[in-house]
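Taking it in order: structure first as structure tokens, then the write-up.
Read-outs: derived from the displayed coordinates by stated rules, not from any lab. These figures come from a predicted structure and were not determined experimentally. Here the Cβ is made from the backbone with ideal geometry for all residues, glycine too, and neighbour counts use every protein chain on show.
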Amino acid sequence: MEADGRVVRRDGPNAQPRLRLPFGHLGPFRSDFNAAMLLTQMGKIDKLKENNYPSWRKDIDMMFTLMDLDFALLTDKPTEPVAREAQYDNKMMQYNIEKRKRDISNTKCLKIIRHLIDDSIEGSIPECATTKELLKKLKTQFTGSSKAYASALVDDFTNTSTTAKLNKYLGKDSPEDFVVHMIMKSLPKEYETFDVHYNTTIKDRWTFDQLMAQCLQEEERLKSHKGDSLNYASH
């Protein structure tokens, strides 16, 4: 091998040298190509906002599939083999391969999803360790309502959650119970019955995600009740 990285091979005394490039494969070029393709696809997807969850989720799923990034979504966390069990070495090697592949897929998907969430609601999205968990929480928060978020609730959730996140970074971690309490206090007057029900009949305090889901259900109930009242008045 020459100092500049060339590999010189001669099959006979009179044979001409044949050069081999320092890169024996297209790995670096392929990696750059895939990254460019991924960024292009991401640029075609509208960021998640208050009212576009169904189309956003469809675009995300399609991109993960086409770019072969969905391993973490299609598989469960591998189980580490127990020492001394049959074929332990082979099983451990397979475990390490699957774990690394899943970890890489999970990390990339989490970063992509976070990047494709609009800044106006990003503060209301909880931190998650896995892509499956994050997508599940997003589905909980954004389904059950034709608009996903009621505009009146978006400000309450986002501002309160963002404040809690800021306090956490500053070393003043706001307990989840406190965040839930602040949101309940900030709900519009129309949610008075909902507030009374929560304080008098619910034994276990809701988490932030549970509260959001319950508020969306209450919003739908209020819409339905208002529609029924209008229909009754028109007859």
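Values for this structure:
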read-out	value
Computed label-point distance, nm, for sites LYS91 and ASN34 using a 7 Å Cα→Cβ extension	3.0
Ranked SER55, SER124, SER186, criterion: other C-beta atoms within 10 Å, fewest first	SER55, SER186, SER124
Pairwise label distance in nanometres, HIS225 with CYS128, each label 7 Å out on the Cα-Cβ vector	3.1
Förster radius 41 Å - calculated FRET efficiency between ALA83 and THR193 (Cβ-Cβ, nearest 0.05)	0.10
Cross-link pairs beyond the 24 Å C-alpha cut-off, checked among LYS58/LYS132; LYS47/LYS99; LYS77/LYS111; LYS132/LYS223	LYS47/LYS99; LYS132/LYS223
Loop-located GluC sites (Glu not before Pro) in segment 26-127, at most 13 other Cβ atoms within 10 Å (DSSP)	GLU85, GLU127
5 angstrom amide H check on ILE117, placed H, neighbours 5+ away	LEU48
Contour minus Cα-Cα distance for LYS139 and HIS115 (0.36 nm per residue)	6.9 nm
